[in-house]
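Read through the structure below, which is laid out as structure tokens, and then see the notes.
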Amino acid sequence: MKARIAHWVSIFFLAGTLLPGQAERREDRARGQKKAVQEEAVDYYQRWLEEDVRYIISDEEEKVFRALTTPEEKDQFIEQFWYRRDPDPRTAANEFKEEFYRRIAYVNEKFGSGIPGWKTDRGRTYIMFGPPDIIEDHPSGGWYYRPMHEGGGATSTYPFQIWTYNWIEGVGDQIEIEFVDPSWSGEYRMALEAWEKDALLHVGFMGPTDAELEGTLSKLDRPYFSPGNYRNTRMQRKLGLRLQDRPFERMMRFYQLQKPEPIRFDDLKQLVETQIFYEQLPFRLSYEHIAIDSRQILVPITLEIDNPNLSFNTDASGESVSSQVNIYGLLQSLSGRVVKEFDDTLLLRFPAAELEQRSQRKSTYQKMLLLAPGRYKLTLVIKDDHSQTVGTRQVGLTLPGVEEGKLATSSVILARALQFVEEVPEQLTPFLLGDFKVVPNVSRTFNAGDDMGVYLQVYNARMDQTSQSADLEVEYRILREGRVVTSYLDPKRNSVLDYGDRLLVLQAFRLRDLEPGQYQLEIELRDTIADTAISRHVDFSVLPPPPS
């Protein structure tokens with residue numbers, strides 16, 4: 001009996017003893033499981049940051065979270081993140097968190113269309129602002145009778161929805177957001193213009209508005225298409241235009257409903273953080289200020305690079321060449337608080353046969369920012385992706401507010417291209433102010449024989465109660481060394497467009513009669529109804545003609 005027990009005991013211990021190689025395999029499995037758990041944790045934190053809370057995390061919070069190194073620190077951050085947003089911390093449930101994840105689940109179920117629902121425009125809007133108060137749904141498109149603020153008349157449309165929110169904090173009340181599915185794929189995209197849903201817009205005379213049926217306007221003159229065509233607010237009211245349909249109101253609303261994409265060029269960001277500045281790749285930089293209202297300023301940031309300073313690559317076929325410049329910008333308050341940061345890419349591509357000609361030109365990039373009045377510091381870093389040369393600039397931005405009831409203006413923009421845009425793009429684009437394309441001449445240096453465009457907005461001009469329009473007298477003077485070289489008074493107000501809440505001053509000067517040298521443009525603006533006046537000055541120079 002004892003022998004039998006000893007036999008079974010020996011078998012038991014033998015079974016519990018690892019044979020050669022088994023220990024190593026078990027350790028490998030343990031390491032593999034531990035690595036899988038660690039990778040899963042990394043994936044979880046990455047997904048939480050870049051998917052779950054992408055639309056609601058602040059720039060400061062994201063910066064702190066990315067600096068954390070241990071899972072314990074990240075878990076504590078996430079717990080505090082939701083705690084700060086809990087409307088009633090005394091209860092066990094976090095209503096904000098529960099509602100937030102309910103929204104994500106809802107949009108993934110309802111709005112997915114080849115991409116997850118949370119990535120779509122409708123998904124982002126729903127996650128950020130919740131369900132709209134009213135949804136006007138046209139899932140099949142088809143025949144549609146326009147309201148008067150869209151010009152009236154009937155047309156055929158793509159599938160579209162109009163979401164109306166009674167109130168969105170930081171945006172305003174009665175906010176309409178239109179989503180259009182021009183590809184019939186189920187992916188509705190946020191529309192900037194009401195005409196984006198019109199399937200017959202470019203089909204001859206089909207789908208006309210009421211004014212087009214009367215023969216008084218053409219298709220390109222639709223009131224929602226270009227409100228700037230109508231020189232006074234009385235005509236706008238007759239056509240049914242609302243305040244929110246004006247181009248700058250649309251621009252402001254579109255910007256407020258967007259969230260910038262994550263920063264990609266960390267190497268350029270690090271140059272700013274370490275205060276290292278390079279001048280290997282020189283460029284010129286300018287900024288303008290355009291008032292949207294008393295609290296918000298649209299700031300076009302424009303940079304200009306001489307193409308001879310860029311490197312160009314020829315593709316494998318030898319038929320085209322390209323150059324890529326990576327751009328990173330950091331905007332801070334005077335106290336050092338980060339207000340905005342952005343990055344982008346300037347890509348040039350053209351046929352190889354044009355290299356010699358185009359390499360002697362300039363390339364221009366523009367970024368639009370929406371800011372509050374005040375003073376800021378802008379740091380901009382650019383990098384030639386091929387040669388790895390870097391250029392940096394740091395400038396101060398002063399953005400004046402518009403005092404209510406007082407005549408005021410935007411920056412005076414001297415443009416090397418100024419033209420009316422008949423077909424406004426679907427998305428906000430650089431150089432587009434309302435329905436005009438304005439490309440600033442950053443250096444304000446013109447060649448002899450060039451045309452110099454002038455763009456200026458005027459605010460708070462008094463309106464005549466009978467005609468429901470303002471009356472602005474504009475006089476232009478070009479001076480050299482303090483002496484008037486030429487002047488022009490616009491008696492018929494041909495250079496003034498009435499947009500209701502602002503006046504647009506547009507003019508073009510031919511410089512062929514000016515000798516090379518330094519000049520100053522003076523613009524005097526007189527509100528004849530209020531009997532007030534202001535003047536604006538801007539310097540420019542004219543280069544000698546190139547040798548023949």
Scan (1) touching a Ser or Thr at 6+ places or on another chain (Cβ under 9 Å); (2) closer than 18 Å to residue 181 by Cβ; (3) not charged (D, E, K, R) for the single condition residue 152 breaks and write down its number. (2)
Is it the case that residue 361 is farther than 30 Å from residue 529 by Cα and modelled with pLDDT of 90 or more? no
Right, residue 483: open to solvent by 40 Å² or more (accessible area, probe 1.4 Å) and either over 30 Å from residue 304 (Cβ atoms) or free of Cβ contacts under 8 Å to residues at least 40 places away in the same chain (or both) or not? yes
Which residues, taken from the stretch 530-548, are within 30 Å of residue 405 (Cα to Cα) and either at pLDDT 95 or above or under 37 Å from the mean Cα position of the chain (by Cα) (or both)? 530, 532, 533, 534, 535, 536, 537, 538, 539
Residue match in the stretch 300-310 (condition: at pLDDT below 90, open to solvent by less than 60 Å² (accessible area, probe 1.4 Å), of a type outside the set (Ser, Thr, Tyr) and in contact with a Lys or Arg (Cβ under 6 Å, 6 or more places away or on another chain)): no
Looking only at the stretch 457-470, filter to residues that are open to solvent by less than 50 Å² (accessible area, probe 1.4 Å) and not β-branched (Val, Ile, Thr); which one of those is farthest from the chain's Cα centre (by Cα)? 467
Which of the residues belonging to the stretch 34-61 are under 27 Å from residue 337 (Cβ atoms), at pLDDT below 85 and not in a loop (DSSP other than H, G, I, E, B)? 59, 60, 61
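Which residue, of 422, 404, is open to solvent by 70 Å² or more (accessible area, probe 1.4 Å), under 30 Å from residue 198 (Cβ atoms) and out of contact with any Cys (no Cβ under 8 Å at 6 or more places or on another chain)?
When all the criteria are applied, what remains is 422.
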Identify, from the list 287, 328, the residue that is within 30 Å of residue 458 (Cβ to Cβ) and hydroxyl-bearing (Ser, Thr, Tyr). 287
Pair list, Cβ under 6 Å, 6 or more apart: the stretch 162-186 residue in a loop (DSSP other than H, G, I, E, B), other residue not small (Gly, Ala, Ser): 171/256; 181/158; 181/159; 181/188; 182/158
Within the stretch 187-198, which residues are part of a strand (DSSP E or B) and either open to solvent by 20 Å² or more (accessible area, probe 1.4 Å) or at pLDDT below 85 (or both)? 189
Condition check for residue 122: assigned to a helix (DSSP H, G or I), surrounded by 17 or more Cβ atoms within 10 Å (Cβ to Cβ) and touching a strand residue (DSSP E or B) at 6+ places or on another chain (Cβ under 6 Å): yes
Restricting the stretch 488-497 to residues that are assigned to a loop (DSSP other than H, G, I, E, B) and of a type outside the set (Ser, Thr, Tyr), which is least open to solvent (accessible area, probe 1.4 Å)? 493
Just the residues that are over 13 Å from residue 320 (Cα atoms) and among the aliphatic types (A, V, I, L, M), please, taken from the stretch 348-358. none
Within the stretch 165-181, restricting to residues that are out of contact with any Pro (no Cβ under 6 Å at 6 or more places or on another chain) and at pLDDT 90 or above, the one that is nearest to residue 434 (Cα to Cα) is 178
Scan the stretch 95-124 and report the pairs whose first residue is under 21 Å from residue 137 (Cβ atoms) and without any contact (Cβ under 8 Å) to a residue 60 or more places away in the chain and whose second residue is of a type outside the set (D, E, K, R) and not in a helix (DSSP H, G or I), with Cβ atoms within less than 6 Å and a gap of 6+ or a chain change. 108/116; 117/111; 123/111
Within the group 345, 392, which residue is of a type in the set (S, T, N, Q) and surrounded by 16 or more Cβ atoms within 10 Å (Cβ to Cβ)? 392
Do we find a residue being in contact with a helix residue (DSSP H, G or I) (Cβ under 9 Å, 6 or more places away or on another chain) and part of a loop (DSSP other than H, G, I, E, B) anywhere in the stretch 345-356? no
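Condition check ((1) within 17 Å of residue 44 (Cβ to Cβ); (2) in contact with a Phe, Trp or Tyr (Cβ under 8 Å, 6 or more places away or on another chain); (3) modelled with pLDDT of 85 or more) across all residues:
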{"residue": "75", "(1), (2), (3)": "yes, no, yes"}
{"residue": "86", "(1), (2), (3)": "no, yes, no"}
{"residue": "91", "(1), (2), (3)": "no, no, no"}
{"residue": "98", "(1), (2), (3)": "no, no, yes"}
Subset of the stretch 77-104 that is part of a helix (DSSP H, G or I) and farther than 17 Å from residue 58 by Cα - its residue that is least open to solvent (accessible area, probe 1.4 Å): 104
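Which residues, counting only those in the stretch 166-177, are buried (at least 19 other Cβ atoms within 10 Å of the Cβ) and either out of contact with any Ser or Thr (no Cβ under 9 Å at 6 or more places or on another chain) or among the polar types (S, T, N, Q) (or both)? Give the steps one after another, and end with the answer.
At the first step, the residues of the stretch 166-177 found to be buried (at least 19 other Cβ atoms within 10 Å of the Cβ) are 168, 175, 177.
168 - this is the single residue of the stretch 166-177 that is buried (at least 19 other Cβ atoms within 10 Å of the Cβ) and either out of contact with any Ser or Thr (no Cβ under 9 Å at 6 or more places or on another chain) or among the polar types (S, T, N, Q) (or both).
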Of those in the stretch 498-548 that are basic (Lys, Arg) and surrounded by 13 or more Cβ atoms within 10 Å (Cβ to Cβ), the residue farthest from residue 416 (Cα to Cα) is 526
Inside the stretch 105-114, can you point out the residues that are under 16 Å from residue 54 (Cα atoms) and open to solvent by 40 Å² or more (accessible area, probe 1.4 Å)? 105, 108
Criterion first (more than 30 Å from residue 511 (Cβ to Cβ), open to solvent by 10 Å² or more (accessible area, probe 1.4 Å) and not in a loop (DSSP other than H, G, I, E, B)) does residue 383 satisfy it? yes
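The values are calculated or read from the model by the stated rules, or taken from the named source; none is laboratory data. Given the structure is predicted, the values throughout are model-derived calculations rather than measurements. Cβ: placed from backbone, ideal geometry, glycine included. Neighbour counts: every protein chain shown. Note: accessible area is taken over every heavy atom of the protein model, side chains too, but ligands, DNA and RNA are not part of it. Shrake-Rupley method; radii C 1.70, N 1.55, O 1.52, S 1.80 Å.
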